[in-house]
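S.K.: There's a structure below that I have some questions on.
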Amino acid sequence: MRLSGAGARHCASAMLRFHGKYEWTPWTAALADLLDEAGNAVDEVVATYFAAPRSYTAEDVVEIACHGSPVVLRHCVARALQAGARPATPGEFTLRAYLNGRIDLPRAEAVHDLIAATTLHQARIAAQQMDGSVSRALRPVKEQLLELIALLEAGIDFAEDDVTVATNEAIMGRIERILVPLGRLIDSFRFGRLVHDGLNLALVGRPNVGKSSLFNALLQQDRAIVTAIPGTTRDTISEQFSLEGIPVRLVDTAGIRESHDVVEKLGIDRSIQAMADADITIVVIDLAEEWTEQDQELAQRAAGQGIHVLVGNKADLPRRLSASVEEVAVSAQTGVGIEELKRLLVRRIAPEGFASPQSGLITSARHEGLLKESREALERAVEAAGVGLPHEMLLLDCYAALNPLDALTGATTADDILNRIFSTFCIGK
């Protein structure tokens, strides 16, 4: 149980009896008895004291580690409430850390991502963001923008003091140098979104090409029913698995063909919808049969809807498919080619390889939206400088670019701008 605030030690003292003399020494742990209302020991606990501001919330914090009995834990909470504490609201400890200036918003949001992580890769990236990878990537962008704003402000406000202001060409060059790292951060969201939200992967194909067998092989478990009878799968089946740390929702679909069976037609409609909803479509073809018109139609549909992979199944059987149309050949029965298929999927997801978490991978749609807003304002500033508009107009666009960055990393005050002006230029000699 964690207590945070000016009264943390008072509340803890009312419910604990320490073994020997204890003076609440910061950043130390001590054995104590958890007491009931009559002063009887209920549990032996460890109390750890963190003095402000060197704690999670930047306030005085006392953490009480009880044994894992729900009864003891409920009693511990009840005793804290009796001593004057109140229950924390959802996320309040992290909110206090943010309000007290210990962490910025990207780090605070990363706490939630770490808790919600379902794969080790997600947890690793969230941990890097908690350590400030996004903030570090944004810092030079914001620094360069503030320097440009200071330059323009100085030229406008102190023109009589003979301050040299950069030409429009130089200003455009400065903005272009800001746009490059800003663009890299925005581009990282394409992969970061997949890390954060996962992706949908649909298996489609004609009946009896081995979709369900491939489904089971990718999951490494017998999840879908497999028979030699075409049309066994009548509905979509989905299951979660991890692909190089990315959570994947794998969907097995009904075989797509012309059918007059009402139930099968409903399953085929859902298969087509699964293709439309998928981030990647795996079109499965049968290497033991000739290429058909239905194969061609499915491949064209998948190509028109986005990222897709053409997989030839039944590589363990004699090949009858004359053309080499498949991108990878597998055998769902023996497992041949399954790992190669996974590597191909990873390359389709991230053609340039997995981004390093330390580089400031953007995983939040809110962050991407703010960065795009900032980039659009800077692009307007480039256009304004290109046609020779007054610097007052450029400043409006620069401040419009700064505001979204402030929403990410914290506000910039007027003093920040003034300090840069007076530290950069010899004004007021």
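Rule-based calculations on the coordinates, nothing more; no lab input. As the structure is a prediction and not an experimental result, all values here were calculated from the model. Methodologically, a virtual Cβ is constructed for each residue, glycine included, from the backbone with ideal geometry; neighbour enumeration extends over all protein chains shown.
S.K.: Order the peptides 297-308, 202-213, 126-137 from the highest to the lowest mean number of other Cβ atoms within 10 Å of their residues.
M.R.: Put in order of decreasing packing, that is 202-213, 126-137, 297-308.
S.K.: How far is it, in nm, from the label point at residue 325 to the one at residue 51 when both lie 7 Å from their Cα along the line to the Cβ?
M.R.: Going by the 7 Å Cα→Cβ label model, 7.5 nm.
S.K.: Under 14 Å from the Cβ of residue 314, count the other residues' Cβ atoms, weight Lys and Arg +1, Asp and Glu -1, and hand me the total.
M.R.: Around residue 314, the surrounding residues sum to -2.
S.K.: Highest mean first, what order results for 87-93, 119-125, 333-339 on Cβ atoms within 10 Å?
M.R.: Ranked by mean Cβ neighbours within 10 Å, highest first: 119-125, 333-339, 87-93.
S.K.: Hey, with R₀ at 51 Å, roughly what FRET efficiency would residue 83 and residue 307 work out to, going by the Cβ-Cβ distance, to 0.05? Working shown, then result.
M.R.: Working: r = 58 Å, r/R0 = 1.13.
For residue 83 and residue 307, the calculated efficiency is 0.30.
S.K.: Taking K and R as +1 and D and E as -1, what net charge do the other residues with C-beta under 14 Å from the C-beta of residue 302 add up to?
M.R.: -2
S.K.: Lys and Arg at +1, Asp and Glu at -1: add these up for the other residues within a Cβ distance under 14 Å of residue 386 and post the number.
M.R.: Once positives and negatives cancel, what remains is -3.
S.K.: Another one. Charges only on Cβ, +1 for Lys and Arg, -1 for Asp and Glu: so what's the dipole of the range 2-98 about the Cα centre, in debye to the nearest 20?
M.R.: 180
S.K.: While we're on this one: Nearest 0.05, what FRET efficiency do residue 219 and residue 31 give at R0 = 30 Å with Cβ-Cβ as r?
M.R.: Once rounded, the FRET efficiency stands at 0.05.
S.K.: Translational D (Stokes-Einstein, µm²/s) of the range 302-349 at 37 °C and 0.692 mPa s when Rh comes from the Kirkwood sum over C-alpha pairs? Please list the in-between numbers first.
M.R.: Numbers: Rh = 11.6 Å.
The Stokes-Einstein estimate is 283 µm²/s.
S.K.: How many times 2.2 N^0.38 Å is the alpha carbon radius of gyration of the range 2-98?
M.R.: Dividing the Cα Rg of the range 2-98 by 2.2 N^0.38 Å gives 1.03.
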